[in-house]
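Readers should treat all values here as calculations from the given coordinates under stated rules, not as data from a laboratory. Because the structure is a prediction, the values reported are computed rather than measured. Every residue, glycine as well, gets a Cβ built from its backbone with ideal geometry; the counts of neighbours run over all protein chains shown.
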Amino acid sequence: MKNLVIVGGGFAGLKLAKKLEKSMPEDWDIFLLSKTNFITYNPLLPEVIGASVLPSHVQAPLRLVLKRTRIRMVTVDRIDYDSQTVFYHNDQQGSLKFDQIVLSAGVQANTGMLPGLREHTLPLKTVGDALVIRNRIIERLEQATIHPDEKRREELITFVILGGGFSGVETAGELEDFLCSAQRYYKNVDKSKCQIILIHGNDRILPELSPKLSEVTHKNFEKRGIKVMLNERATRIDNEAVTLKSGELIRGATIICTIGTTPHPFMGNERLPLERGKIVTRPDMSVEGVDGVWAMGDCALVPNLKSGSYSPPTAQFADRQASRLAKNIVASLSGKETKPFSYQPQGMLASIGHNKPVAEIYGIRFTGLIGFMLWRGVYLLKVPTLARKVRLFLEWNWAMFFPPDIAHLGFKKSDDD
């Protein structure tokens, strides 16, 4: 048997494995190496923060989705391309030989890009991050309820969000909705004193969408009392304070970070052509200079023939890259010609609060009820497994009629202090 190894179990890695299970020759084994044994549907993490959905509804076990693929929950340490071996660890060290390898490990949070970022902010990359943020929000409301000093109460209910892309905007919208719904249970907390500050380094939020939809979102935030600071960048993070490039100091007891990514350590190999920490691929997603190596997703710079530029790091492009790469791998094994990646995106969607999405499909902008139905429909189609589609559908409908869960979730053992 020959081995094809996929490093990374995100959108791209999972979709590629599913495609190859149907088309890969029978004398090939497919291995998927992932730090977790599940895939996380990251676009729904802000809804976990806002208690709109349960954490388990945005995750799907890889073994439940894949049948032929052999899954190993490990952390990859390094890859030797000369001996064609992947070295990894879990509870012990291990290695795996490969004949073909696909790098689709994505990126990880870069908590070292600013002084104080690691120590004083809450990142949003995983379900664990989302739950920690949710707990912190509830903690602040509980603290503000009993604190005797009015100024300190206002600091406790001030939330600062770094980054105005999809994650930052969706988190701000969900957070505002959560505070509106939860405030009635905290009689000493005045919702009008709760402040959400979104800091973004560009001249408009949601730069991936059209200027019109960015403007619609900005006005919606202003109407709801969310403060948006454009063309501002943080230079330093201290305990409950953000220093901006302009010198202004923003105080807030909770600072959420949705910016900053860095490649995984095993990507730093002299055999790989790297640019900005990402692997530069040929148009067919093969890597020049190393035989049998392919790359896609957020960890790679994949040329898009349709646009003439590199593909953006979005789930929509990762999904399409995986479909094309599966065909290219099978074609290369049989000596046939591979094809370049070429894709015209269908559109973009973003949630700016519970049941408040904005969408742009084939150049047509949607908000309100139509945007809401499109957003829900698209995400239900993308979530893996029928069981989770049904659960998510029921949970969304439940949340339309009942208040969010404000329980503070405990993660400690019963004998911990």
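For the Cα atoms of the chain, what angle does the longest principal axis make with the long axis of helix 166-182, in degrees from 0 to 90, nearest 10?
40 degrees
Given contacts defined as C-alpha pairs under 8 Å and at least six residues apart, what's the relative contact order of the chain, whole-number percent?
Relative contact order, the chain: 18 percent.
Restricting to Cα pairs below 8 Å that are 6+ residues apart, what does the relative contact order work out to for segment 159-290? Please round to a whole percent. The partial results should precede the final answer.
Numbers: 181 pairs, mean separation 31.7, N = 132.
It rounds to 24 percent for segment 159-290.
Report D for segment 1-58 in µm² per second (integer): Stokes-Einstein, Kirkwood Rh on Cα pairs, 4 °C, 1.567 mPa s. Intermediate values should be presented prior to the final figure.
Details: Rh = 13.1 Å.
Estimated via Stokes-Einstein, D reaches 99 µm²/s.
So how tilted is helix 11-23 from the main axis of the chain? Cα-based, degrees 0 to 90, rounded to 10.
The answer is roughly 30 degrees.
What are the GluC sites (Glu not before Pro) within segment 16-103 that DSSP puts in a loop, where the Cβ has at most 11 other Cβ atoms within 10 Å? Write down the numbers at each step before the final one.
Numbers: sites: 21, 26, 47; in loops: 26.
Here the sparse-neighbourhood loop sites are 26.
Could you list, in their original order, any pairs among 151/191; 212/356; 193/227; 22/97; 219/356 whose Cα atoms are separated by more than 20 Å?
22/97
Find how many whole Å separate the alpha carbon centroid of segment 98-121 from the alpha carbon centroid of segment 270-341.
Taking the Cα centre of each part, segment 270-341 and segment 98-121 sit 20 Å apart.
Where does helix 368-382 land angle-wise versus the long Cα axis of the chain, in degrees 0 to 90, nearest 10?
40 degrees
Give the aspartates and glutamates whose C-alpha is closer than 16 Å to that of residue 389, dropping any in the same chain fewer than 8 places away, or say none.
47
Only bridges whose two residues both fall in the chain count here: according to DSSP, what percent of them are antiparallel, nearest 5? Write out the running numbers ahead of the final one.
On the way: 35 of 69 bridges.
So the antiparallel bridges amount to about 50 percent of the total.
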